[in-house]
């Protein structure tokens, strides 16, 4: 896989080259950011958020796995075979009634590829990167996520070295559901922390 | 989605569902190329010529195979074709790259930012 980079290093050369091409071509109006994203999205399910959903569902049903995941997420997701670039130091963050975690990359678009695939366009956008740090509750509300006042919101800044996977709260009314059915409730945004997991009624599309 | 038939004929690492990427920059370079072609900036045969030359040079120099080497060639070809078609100059690219490098080196990055309860 691509070059490993450690603390303080610049982004890898290839990433800088692509970012330079992309930003200049967008500025010149030769390509559109949204159109690029739509194209990349079509391939997203290759290493997409279904991986992360399996991890979360396992953590919901298996306490021992949950503990392993919180202790060393890189190894715990490797149990599923989810390894590779940009997942070397993965940290799992558990959402509870007291704490809600949300992830950003303030510099660029660092993201845990092996479990979530490629980042969505809003995650890469300047408004999200700047605003979620300053006014996380307001940003979360725009995603339809309203948290109780007593819940502490923690914003985590991803880096080239450390990526985060949010474990959303297990929705109510899912006690009877098995792991596979639970995984269906774990949407991508819930693993970034901007939304909550789907409720079973939503998932049925009733 | 169905790929352009001409693009399909340029060998792209893919499985039955389409192109495969190891890392986002590969998908981004791929997407830029597809979009520039769709916009009429170059034809796939023009692309194949530039890209093919990169692959040939890479093979000759005994470089590795696989997705990463493949997309390194892809990226080099993309840089060449945007210059060839006068879309961007190599100078613009190198200035911008230095700016990105500077930003990535000097932006405080990596500390988890903790935010207390929102003031209400």
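Computed from the coordinates by the stated procedures, all read-outs in this text should not be read as laboratory data. Keep in mind that this is a model prediction, so the values were computed, not measured. Neighbour counts run over all protein chains shown; Cβ positions are idealised from the backbone, glycine included.
Taking the beta-carbon count within 10 Å as an exposure proxy, list A:105, A:110 from fewest neighbours to most.
Final ranking by Cβ density, sparse to dense: A:105, A:110.
Would you please classify the overall shape of segment A:46-204 from the alpha carbon gyration tensor, given that a ≥ b ≥ c denote the square roots of the eigenvalues, rounded means a/c under 1.5, and beyond that prolate means a/b larger than b/c while oblate covers the rest? Cα axes put segment A:46-204 in the oblate bin.
The calculated Kirkwood hydrodynamic radius for segment A:159-203 is 11.3 Å, given to one decimal from all distinct C-alpha pairs.
Please order B:72, A:100 by the number of other Cβ within 10 Å, starting at the fewest.
With the sparsest Cβ surroundings first, the list reads B:72, A:100.
Provide a whole-number value for the mean count of partner chain Cβ atoms within 10 Å of the Cβ atoms in peptide B:87-95.
Averaged over the peptide's residues, the number is 3.
Rounded to the nearest 0.05, the FRET efficiency derived from the C-beta distance between residue A:13 and residue B:49 at R0 = 35 Å is 0.90.
Decide, for segment A:93-150, between rounded, prolate and oblate: order the square roots of the alpha carbon gyration tensor eigenvalues as a ≥ b ≥ c, take rounded if a/c falls under 1.5, and otherwise choose prolate if a/b is larger than b/c, else oblate. Judged from the Cα gyration tensor, segment A:93-150 comes out oblate (a/c at least 1.5, b/c at or above a/b).
Between the beta carbons of residue B:57 and residue B:91, assuming R0 = 25 Å, the FRET efficiency works out to 0.60 to the nearest 0.05. Taking 10 °C and 1.306 mPa s as conditions, segment B:22-104 diffuses translationally at an estimated 117 µm²/s according to Stokes-Einstein applied to its Kirkwood radius (Cα pairs). Shown for A:62, A:41: other C-beta atoms within 10 Å of each C-beta, ranked fewest to most, produce the order A:62, A:41. A Förster radius of 41 Å, combined with the Cβ-Cβ distance separating residue A:70 from residue A:27, puts the computed FRET efficiency at roughly 0.45.
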